[in-house]
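Engineer: Could you have a look at this structure, given as structure tokens, before my questions?
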Amino acid sequence: MSSRLWVIAFDVSSQRRRYRVVKRLRQDAVPVARSVFEGILTPGRLVNLKADLAQHIDPLTDSIRFYPACAWCEENILRIGVGVDRAQAADYYLF
């Protein structure tokens, strides 16, 4: 399965629901801003993530958006200021 970079942005009105959304997102993505995450996801992981997040929001007041980034887009992401680069946010570290 091919993986793709996704940018996930959310606006959740309840602090309790927002905490649950962030907790779930941290399993598959890294935070790049207060309500924005980036993650490299396979199609299957994306389906699971969307299903899990849907359980934690109120669809009448909350919003979660998934933006796919093409390979060219990913290579040309511009960063200014602080923030974690996805490549530095690995689940493991080499010493």
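Engineer: Keeping to the stretch 11-57, report how many residues are within 22 Å of LEU78 (Cα to Cα), out of contact with any helix residue (DSSP H, G or I) (no Cβ under 6 Å at 6 or more places or on another chain) and not aliphatic (A, V, I, L, M).
Structural biologist: Matching residues across the stretch 11-57 total 4.
Engineer: Further question: Any residue that is assigned to a helix (DSSP H, G or I), touching a Pro at 6+ places or on another chain (Cβ under 9 Å) and under 22 Å from SER2 (Cβ atoms) - is there at least one of those in the stretch 20-27? I'd like the intermediate steps shown before the answer.
Structural biologist: Keep residues of the stretch 20-27 that are assigned to a helix (DSSP H, G or I), which gives 20-25.
When the remaining residues are screened for being touching a Pro at 6+ places or on another chain (Cβ under 9 Å), the result is 22, 25.
Subsequent filtering for residues that are under 22 Å from SER2 (Cβ atoms) retains 25.
Yes, the conditions are met somewhere in the stretch 20-27.
Engineer: Then there is this: In the stretch 14-41, which residue that is modelled with pLDDT of 95 or more and surrounded by fewer than 14 Cβ atoms within 10 Å (Cβ to Cβ) is farthest from GLY81 (Cα to Cα)?
Structural biologist: ARG16
Engineer: Contact list please: Cβ distance under 7 Å, first residue in the stretch 21-39 and under 18 Å from ILE57 (Cα atoms), second residue part of a loop (DSSP other than H, G, I, E, B), pairs at least six apart or on different chains.
Structural biologist: VAL21/VAL12; VAL21/HIS56; VAL21/ILE57; ARG24/HIS56; PHE37/ALA29
The values are calculated or read from the model by the stated rules, or taken from the named source; none is laboratory data. None of the values given here were measured: they were computed from a predicted structure. All Cβ positions, even for glycine, are placed from backbone atoms using ideal geometry, and neighbour counts span all protein chains on display.
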